[in-house]
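Since the structure comes first, as structure tokens, the remarks are kept for the end.
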Amino acid sequence: MVREATVERQTKETKIDVALRLEGRSRVDVSTGIGMLDHMIEQLGRHGGLDLKVHAQGDLHVDAHHTVEDIGLALGKALNDALGDRAGIARMADRTVPLDESLVHAALDLSGRPYTAIDLRFSAGMAGELPTPLVPHFFESFAQEGRFALHLRQLAGDNDHHIMEAAFKATARALRDAVLIVDPAGVVPSTKGTLTA
């Protein structure tokens, strides 16, 4: 069983193409026009065990906001589409990831209900070409369209790059665990009987 999806999102502000395969080999092809964002999305694919293509053209002459937001939305939609009815999945998972002095915990629930609680503390306004306030917004957009709950908590760290990368890696590792098919009978892991309504 291969779970995959493609999403094309086009507005006056951005053009985003995403292809995602959950049963992947960590093959990542990313080009967003924002080098640090490319690096972070690569962490999602590599550590999430995903095949992931993200190509984006955005109004970076304005700023990075629309591009970062719309990539998060498109990635989330691709994840939601690839998950289908979510039958048989592990659903919930968490991971704590260190990167040198930084330590970030991610917990997620592929519940069908979007929610985010994010506590990441950056010391500077920019990391490369990526405004650090847009990092939480990326995760909010990803969870919104992916229809999952995500808690991200920084436990230690003072290097913005390390904090950011640990957050993406922790989310990727938790996602890798949560999407696993653990019930071959395909029972939906919910007392409601559905994770899509």
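Rounding to the nearest 20 debye, state how big the charge dipole of the stretch 4-178 is about its Cα centre with +1 on each Lys and Arg Cβ and -1 on each Asp and Glu Cβ.
Numbers: 19 positive and 27 negative charges, 116 e Å.
For the stretch 4-178, the charge dipole is close to 560 debye.
Under 20 °C and 1.002 mPa s, how fast does the chain diffuse according to Stokes-Einstein, given a Kirkwood radius computed over C-alpha pairs? Answer in µm²/s, whole number. Spell out each step's value before the answer.
Numbers: Rh = 16.6 Å.
Translational diffusion coefficient: 129 µm²/s.
What does the charge add up to near ILE16, with Lys and Arg as +1, Asp and Glu as -1, over the other residues with Cβ less than 9 Å from its Cβ? All intermediate terms of the calculation are to be shown ahead of the outcome.
Values: positive: ARG9, LYS15; negative: GLU8, ASP17, ASP70.
Cβ neighbours under 9 Å give a net charge of -1.
Peptides 111-120, 177-186, 158-167, 126-135 ranked from most to least packed give 158-167, 126-135, 111-120, 177-186, packing being the mean of other C-beta atoms within 10 angstrom over each peptide's residues.
Using alpha carbons only, the radius of gyration of the stretch 82-197 set against its Kirkwood radius gives Rg/Rh = 1.04. Applying a threshold of 21 Å to the alpha-carbon distances of LYS15/LYS169; LYS12/LYS77; LYS15/LYS77 flags LYS15/LYS169 as lying beyond it. Summing charges over all other residues whose Cβ lies under 12 Å from the Cβ of GLU129, with Lys and Arg as +1 and Asp and Glu as -1, gives -2.
Just to confirm a number: summing +1 for Lys and Arg and -1 for Asp and Glu over residues other than ALA93 whose beta-carbon lies under 11 angstrom from that of ALA93, what do you get? Don't jump to the answer; show the numbers that get you there.
Details: positive: ARG91, ARG95, ARG173, ARG176; negative: ASP94, ASP109, ASP177.
After counting each charged neighbour, the total is +1.
Think of the chain as a dipole: +1 on every Lys or Arg Cβ, -1 on every Asp or Glu Cβ, centred on the Cα centre; then among ILE71, PHE148, HIS137, PHE148 lies furthest on the positive end. Spatially, the stretch 106-124 and the stretch 1-37 are offset by 20 Å when compared through their Cα centroids.
A short reminder: the numbers here are calculations on the coordinates, not readings from a lab. Quick caveat, the model's predicted, so the values are computed rather than measured. Backbone-built Cβ (ideal geometry, glycine too); neighbour counts: all protein chains shown.
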